[in-house]
Structures are given as structure tokens and as C-alpha cells.
Amino acid sequence: MFDSLRLELRRGCLILAVLAQLRDEHYGYTLRKALADEGLAIEESTLYPLLRRLETQGLLTSEWREEEKRNKRFYRLSKDGEAVLELLLAEWNGINESLHKILKHEK
Amino acid sequence: MDLLERYLQAVGQYLPTETKDDTIAELRSNLMEQIDAREEELGRPLDFAEVATILKEHGKPEAVALRYLPQRSLIGPTVFPFYLLTLRRVLPIVVFWNFVARAVLFVVSRNESLTDALVGFALGIWPSLLIAAAVITAIFATIEWTRQRGKLPGNWNEWDPAKLPALKTHASPDCSPRSMTKRMIDLCAHCLWFAYVLWVPWHPFWIMGPGVFYMDSLNVALGPVWHTFYELLITLLVLQLAMKLLVFVAAARSWMPVMKLVTDLLGVFAMGLLAMATTYFVPDNAYADLHRIAVVNHSVNLAFRIVLVIVVAGMVKDGWDYAKTSKPMRQLAF
């Protein structure tokens, strides 16, 4: 029960976090590490397909490039992605503010 | 790295051809990064078991591949409630028409016993239900497919509040106990009916009217089936009398559904007994018209078969009404 609710709660937040993190260019592995360093660990099997989906939706762009003698796929927020991220952040801030007000009564 | 390539090959089996190479290349790159980082941490190359642990954590090949596929559903969340509603409306209708068809067959066929008819109905209903469910699923899958491609006009959430059904002002009779007067009238009526049933075997005119004289002219007597039926009827009436008395005891009202089911079953059994019998009237003496008796027996049998079907249908309806309010069925509601 808790696990499924937690998963539901995290799903939207993860998209927001990934989009925000990809304002700077990353490839899959470093993106995952960067998110984990910020305290938001994501499984590889969740993150990598999510990157593909966001790219298909036009929110990310990607390119293959060689780095440290290895071909890597680098992702970055697209123009559309930037606009969507701004809207999502506004929404997130609104929700966050409301939740703080609601939860304040419980303290 | 042989294990990594085997893993990627296993994932690739489930990926679509057009994106397979690209996805595998990206997966390889990310997994090799992870392996490199681990090797750097340990200061030595990873052994087979350590690579296996990393791959195991990454996920089962089929599951990993499935996450790369576009999200698909046969019937999506917008259409699904309408699909469920249609199933809930149509499947009972399928059951009803199957029952009607079976009942007609049972009435017209003199060779089929009640048990055969019931078993035939219980077994024969499943293919019809499966076909109906499959057709409805196919229709809704098509609607979903069309809707997702934007080829279906109209908004599924469009509705008019003014068209909502009027508010029910009277509580359902099943929800509130009947008034004391009604219960008393019901009990008195039942006692009168019981007394009549006990009295009538010695006064057949009060059940058959002038038909008694016709029976006398036929020189017939009642068959043995009536004696068995009469005993069952008395048992049934005693049970019903107990029920009529129990409604005055609030604590005993919870037994009522069970008592009702028992009396319903007994009623069906009694009617089944009559419907299965073929001889209701037997010659009383040597002057009896055997042909006419056979015709009467046949007609009475046909009538009882029809009544049996009605009684069984009533019981099925009662069962359905009861099941509809049961917890598992309510959980299906949305």
C-alpha cells in the first residue's frame, strides 16, 4: 500500500527533477549520480527509459559523443523542455506552498 | 564483459528493431560506466559475480526492455469505466436470455429432466458470457485505438447534470422494516392460508370448484405425487409461518435472508417434483376415459413446467438482488 502510494507520489517529482537537472548536459550515468548526490536516488531501469520518453515528447535533445574513449549519449533540455519546466516549476511551487499551509495545521 | 554482452543480447530480444541498436548502445555505455566506477572504487577489475550483481540490480532483461516500449493499454483509463459499465449491463442480459432459451427448451422437451436443464444452463452459459465479453472488449479496444489517434470526435467527459435521474423520495422497502400493522396483516393472512390448505383436502370443491364434477365424470383419482407435494407444502408453510413470526423479533431479522433462501429452494423443489411427474390423475375405475386422462396429464405437466420456470426465474432474480448488494459486487461499482 505505502509502496504504491510512494511510487505515485515520486513519479511526477522525478520528471521535474530530471528536467531541472538537465538544464546542464548529462549522460545517463552522470545524471543518475548527480540526482543521487542531491538525495534523489533513481533506479537505472527507471531513469534511462524515462530519458527516452522525455526525448520522444520533445522535452529533451540528445547526441552521441565520444568522451574518455567511450561513446556516450548526452541529454539536455530542449527549448520546449525549458518552457514546460518553467510551467511545471510554477505548478510545483503552488502545490508546495499549499501543502506547507495544510501541513502547518498538523504541527 | 561477456556477461554484459549476454545481458544486452537478452534485453535486445524484446526491443523493437528500429530502436534496438540505439537503446542497446546507450545501455552498454551506461552499464560500462557503472562497472568502471565500481572497479575504480575497488582498485581492481570486477569478477563474474560482481558484474552479475550490477546486472541483477539493473533488472530482469524482459522488464528492462518493456520499460523502453511505448506505454500501451488495450483500454485506457478514460474509456475503461464505460467498458466496465457496459460489461455490467450486458452480461446479466446474456444470462437472462440464455435462461429464457433454456427454459423454453425445458418446457417443450418432455425428455429433459430438471437436473439436466439446470446443468445444461450452468455449463452452457460460459461460452455465451465469454463471447459477449470478448466482443465488448474488442469494440472498446477499437474505440480506444481510434480515440488515441484522434479519429473519434466527442468528449467522453461531456455530460449534462440536468439529465441526472430524479431524487428517490421513498426509501427502498428492503431497507426499512415494515410497520407493525403490515406485519400483523401478513401473519393473519398467512394463518388463514395455512388453515385453508389444511382444510381443503377434505373439501376439494374449495380448490377445484365445479371442476370436481368434471373430474367425477372422468372417473379419475389423484396420483400419488400429490401426497408428496402436500407434505412438502405443509413443511413450506410451517417455515413461512416461522418467518412471519420472526419479523417481530428484531434480533432474528438477520436470519431472514437464509430462511428466505431455504423456503425458495423448498418451493422450487416442490414445483420441480410436480413438473417432473407425468401422472397427476389415475383411472378410478374401469369406465375411465384413458385417452382424455392422458391429455389432461400432458396439459397439467406443461403447465407445471411453465410454473417451474417462473419460480426458478424468481429465485434467480432474488439471488441477483441479494448478490448486487453484497460486498464483492459493491466493490465492482464505480
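Derivation of every value follows stated rules applied to the coordinates shown; laboratory data play no part. Since the model is a prediction, treat every value here as computed from it, not as a measurement. Cβ coordinates were reconstructed from backbone atoms using ideal geometry, including for glycine residues, and neighbour counts include every protein chain displayed.
Distance from the C-alpha centroid of region A:1-66 to that of region B:99-132: 58 Å, rounded to the whole angstrom. Think of the protein assembly as shown as having a plus end and a minus end, set by charges on the Cβ of Lys, Arg, Asp and Glu; of A:Y29, B:T142, B:T86, B:T86 sits farthest toward the positive end of this dipole. Normalised by residue count, chain A yields a Cα convex hull volume of 116 Å³ per residue. Computed over region B:2-68, the alpha-carbon pair-distance distribution with 5 angstrom bins reads 3, 17, 30, 24, 13, 8, 4, 1, each value a whole percent. Dividing the radius of gyration of the alpha carbons in chain B by their Kirkwood radius gives 1.24 for Rg/Rh.
Seen from A:L77, the other residues with C-beta closer than 14 Å to its C-beta sum to a net charge of -4, counting Lys and Arg as +1 and Asp and Glu as -1. Axis of helix A:28-37 versus longest Cα principal axis of chain A: the two differ by about 30°, to the nearest ten degrees. Along the charge dipole of the protein assembly as shown, Cβ charges K/R +1 and D/E -1, which of B:Q13, B:Y287, B:H298 sits furthest on the positive end? The Cα lying farthest towards the positive end belongs to B:Y287. Here the protein assembly as shown is treated as an ellipsoid with the same Cα gyration tensor; its semi-axes, largest first and in whole Å, are 75, 28, 21. Distances between every pair of Cα atoms in region B:180-332, grouped in 10 Å steps from 0 to the bin holding the largest one, split as 9, 28, 32, 19, 9, 3, 0 percent.
Exposed loop sites are taken as trypsin sites (Lys or Arg not before Pro) in a DSSP loop (any state but H, G, I, E or B) with at most 12 other beta carbon atoms within 10 Å; the longest stretch of chain B without one runs B:179-334. Placing +1 on the Cβ of every Lys and Arg and -1 on the Cβ of every Asp and Glu, with nothing else charged, gives region B:180-332 a dipole about its Cα centre of roughly 880 debye.
Across region A:5-107, Cα pairs under 8 Å and at least six residues apart give a relative contact order of 27 percent.
The dipole here belongs to chain B: it is taken about the Cα centre, uses +1 on the Cβ of Lys and Arg and -1 on the Cβ of Asp and Glu, and is about 1620 debye.
Each principal axis of region B:251-315 carries a Cα extent, and these read 60, 22, 12 Å when sorted largest first. Which net charge results for the neighbourhood of A:R32, defined as the other residues with beta-carbon distances under 10 angstrom from its beta-carbon, given Lys and Arg at +1 and Asp and Glu at -1? Result for the local shell: -3.
Here, P(r) means the percent of Cα pairs in each 5 Å bin from 0 to the largest distance; for region B:80-156 it is 3, 14, 19, 16, 12, 10, 8, 7, 5, 3, 2, 0.
Based on C-alpha pairs under 8 angstrom that are at least 6 apart in sequence, chain B has a relative contact order of 14 percent.
Near A:E63, once Lys and Arg are set to +1 and Asp and Glu to -1 for all other residues with Cβ below 13 Å from its Cβ, the sum equals -2. A Förster distance of 25 Å, applied to the separation of the beta-carbon atoms of B:A288 and B:T228, puts the FRET efficiency at 0.65.
May I ask you to derive the relative contact order of region B:1-105, considering only C-alpha pairs under 8 Å and at least 6 residues apart, and to give it as an integer percent? That works out to 35 percent.
For the protein assembly as shown, the Cβ-based charge dipole about the Cα centre amounts to some 1760 debye (Lys, Arg positive; Asp, Glu negative; other atoms uncharged). Within chain B, helices built from complete DSSP H runs that reach 24 Å or longer along their own axis (Cα positions) and carry a mean Kyte-Doolittle hydropathy of 1.6 or higher are B:80-108, B:256-276. Loop exposure criterion: GluC sites (Glu not before Pro), DSSP state outside H, G, I, E and B, at most 15 other Cβ atoms within 10 Å. Applied to chain B, the longest stretch between such sites is B:159-334.
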